[in-house]
1. For region B:390-464, give me every one of the strands (runs of 3 or more DSSP E) that falls completely inside it and has 1 or more residues that are closer than 23 Å to B:V96 by Cβ and at pLDDT 90 or above.
2. Can you name every residue in region B:204-228 that is farther than 17 Å from B:G178 by Cα and within 8 Å of chain A (Cβ to nearest Cβ)?
3. Please enumerate the residues belonging to region B:174-203 that are β-branched (V, I, T) and either at the interface with another protein chain (Cβ under 7 Å from one of its Cβ atoms) or not in a loop (DSSP other than H, G, I, E, B) (or both).
4. If you scan region B:351-407, which residues turn out to be touching a residue at least 40 places away in the same chain (Cβ under 8 Å) and loosely packed, with under 14 Cβ neighbours inside 10 Å?
5. Restricting to region B:151-181, name every residue that is closer than 22 Å to B:D241 by Cβ and at pLDDT 80 or above.
6. I'd like the residue in region A:15-37 that is closer than 11 Å to B:L214 by Cβ and free of Cβ contacts under 8 Å to residues at least 12 places away in the same chain and, out of all such residues, is farthest from the other protein chains (Cβ to nearest Cβ).
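The values are calculated or read from the model by the stated rules, or taken from the named source; none is laboratory data. Owing to the predicted nature of the structure, the values given are computational and were not obtained by experimental measurement. So basically every Cβ, Gly included, is an ideal-geometry build from the backbone, and we count neighbours across all protein chains shown.
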Amino acid sequence: MSGGKRMSELEQQIAYWYATEECTVYQVSDLKTEFLDLMSLHKPLVLDLSKVKQFDVSFIQLLLVLQVQAKNNNIQLSVIGSSDEINNLVESIYCMPALNGFNETASTPSHQESDYVS
Amino acid sequence: MRPPARPPIRRVIMFLDENTQIFITESNELLEDMEAALLELERSPNDVDLINRVFRAAHTIKGSAGLFGFDQIVEFTHVAENLLDDVRNCLVPVNVDLISLFMRVKDHIVSLIRGIVDGSEVDKEENQSLLDLLNAFKAGSGLSVAVTEVANEPAEADQLVNENTVKNDNWYISIRMGEDTFREGFNPDVMFKQLSELGEIIKSQLVTDVLPSLNEVDAESCYLGWEVVLRTEKNKSDISDVFEFFDDAQIYILSPESCVSDYREMLESLPDDDAVLGQVLVEIGALTDSELQIALNKQKESGGLTGDILVEQGSVQAEVVNNTVERQKKIRNEKQREMSFVRVDAEKLDTLVTLVGELVIGGAKVSQLAAKYDDDDLTESMEEMMVTLEEMRESALGLRMVPIANTFNRFNRVVRDISKDLNKKVRLKITGGDTELDKTVIERIGDPLTHLIRNSLDHGIELPVERVNAGKLEEGEIHLKAYHETGTIVIEVNDDGKGLDADKLFSIAKDRGLVKEGQVMDKKEIYNLIFEPGFSTAKSVSNISGRGVGMDVVRRNIESLRGSVLVDSELGKGLTMTIRLPLTLAIIDGFHVRVSDESFVIPLDMMEECVTLTEKQKQEAKLHNYINLRDEVLPLIRMDDYLGIHTNNTKPSRMNMVVVKFAEKKLGLLVDELHGEAQAVIKPLGRVFHGVRGFAGFTILGSGQLALIMDIPDLVKSAAQRERDEQKEQHRQITTNQSNNLPLH
């Protein structure tokens, strides 16, 4: 399901969030809660979407809300590992750069298993 | 034995049912409108509305003719309509040749329709010639002329191009997803895929203005919206289908500007239904049902006009809404007008007026009887009834009154065609078109007016170069004017041409023996010589006028309507023909008088006053044909002398004078007794009395007695003639006396 794993001590400066395989309208309410928690940390946030297999526009919408929230709260947000499919959708529908383009400064621990920061 | 075949004319007339008559009447009205629009179009060749008016007339006639199976009209108007369609699409420019062609087309359709009525043969040569011309214009043969003309007017040409060129082909789609989109399992990306299949998405802008914060967001609800620019050949309905399943989404699809002219065309081709704006916009494809529904919901919530809401929400261009609103307004007005009018057979009206006339006579009889029985109740009831009867008479006569505008408007074409033939520039100005005249008068005034206008065009208005040399505007003006004046209708035909030369007229009149040697005439009298038979000053006879057989016929026609015509002019400045006509030919308010033993009626609207003469005046009246009335010399007619009806009875003769006035001239009529006002139903004098002058008809009085109705214009004219004769006689006597007193050598 949703969530990620607690980050290692060394990585405490950055919050990581690992998306699970399914990110559709059935999960978005829970994801919202997780994102709220992440935002409350006031740390740069890295979203790893590499495992996402199923998603819909509700998920993209939530990412958009999150992006706005992060910007408003001065929290750096990066997305990594997003598939071409997600990128295309974001590009074509949102007319935004691909989600990977969000990543400006964060490192890309793409294969790491991260903790969900609560 | 087979019965002989009936001639076609009878057969056709026999089958003229009510619907066919409606078709004929309406087609003729449309053709009149077509002609009016063509004349305006000649002055404003870029006016799209005028082109549409001409097209609409042809289109409607074709459609209606098809319903009745008048194939020849359908085939002909179809070709005309095709060319008009090209004109509407700016493929064929409007120019003088095109206007002239459509004038001929209009005339030909009139003759085709006339063929239905009287079974007359179609002019096949004209039919073919026009079809050839229409096709030639459509193929572009008329283009060279047109291009030159347009090139002379660069500003207007540019405007036309701008108005009709495609400004852009992009559709603007505004999408606001419904809240439950995700919950209902719809994905907006499907929508985008389908839009891409329709054409090219030029631009897509995400709208996030209603996106809540992370705290507030209901992650399962959809808050997204887009502004999309799509280029596609598809229509609004196809685009709208993409959003078919997004029930609660708000979708506004604004057509490309290039579609505005398409919508205008579609509007024109719709039947004249007074549907509401939204329905019409949906019907022409400018609006989708869902857009309309949203607008109507908004209207329900906050009021406002549908059109404004639709434009505000970006569903349709303001221009399209305005065009539609204008069209619907026009249709509604027309429908309202149609609803407030009833077409009635003119014969039925005439019968009604005759019956009312009989009622008036009957009423007068009963009224006299009531007075005889001296019964107060009966008299009072009779008075009430007579008041109602008078109102009824006025209403019945009002039914026959028709505005003169239609007759006047016909002259636009006459002036256009003749001035072109004569290489003159002439403008027709019309005022007082709403002045109403008796239907019979309207029907019979057309020919005399045509003659007067033709004369003005041919002899009055100068050639452009002559006008400029005379310090006038290059373009001449003929002013056709109608107005009411003391119980009569006055129609003036005025032109600013060269006017009449009194000296020249007088000398011609002398040459032709129309005036005697030594006869003295003032200018107005000389001018009015043009109404004498055989009088013409034209140097050459043209096909327009100049045969000298017209003006006397004009006067006779007008006089047969109990009217008069006078001419006034100023050399070099122009000429004015003034026609005076009675308001009605059926029933008049009269004044009952007695001369000797006979009763007469004087039309009340020509009466000035009644005067009982003093002894001194009586003496004066016996000696002279005039009287001093308040220091004014008033010509007199002693009616008993004039009519030759003296009596030996002992009835007292108070010698009363009725002062009448016509065309600014006053006259005193000496009568024996004044009986007072009486409504008179004018009945024509029989053929036997055809040559009798001074009477306009007769009427039956309440007593059952017959009374002749005095023809005041004729009496005034007689008095003037008598005065001239007296002057002549005096002149002759003086000359004779002088010659008798000459010393003998």
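1. B:426-431
2. B:S204, B:Q205, B:S213, B:L214, B:N215
3. Across region B:174-203, the qualifying residues are B:I175, B:V190, B:I201, B:I202.
4. Result: B:E358, B:N406.
5. Answer for region B:151-181, where residues must be closer than 22 Å to B:D241 by Cβ and at pLDDT 80 or above: B:W171, B:Y172, B:I173, B:S174, B:I175, B:R176, B:M177, B:G178, B:D180, B:T181.
6. My answer is A:T33.
Rundown of residues vs (1) acidic (D, E); (2) at pLDDT below 85, yes/no style:
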| position | (1), (2) |
| --- | --- |
| B:S196 | no, no |
| B:K203 | no, yes |
| B:T208 | no, yes |
| B:P212 | no, no |
| B:D218 | yes, no |
| B:Y223 | no, no |
| B:E233 | yes, yes |
| B:E244 | yes, yes |
| B:E257 | yes, yes |
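Conditions (1) small (G, A, S); (2) in contact (Cβ under 8 Å) with a residue 12 or more places away in the chain; (3) farther than 30 Å from B:L604 by Cβ, marked per residue:
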{"site": "B:L452", "(1), (2), (3)": "no, yes, no"}
{"site": "B:L463", "(1), (2), (3)": "no, yes, yes"}
{"site": "B:A470", "(1), (2), (3)": "yes, yes, yes"}
{"site": "B:E477", "(1), (2), (3)": "no, yes, yes"}
{"site": "B:I508", "(1), (2), (3)": "no, yes, yes"}
{"site": "B:V515", "(1), (2), (3)": "no, yes, yes"}
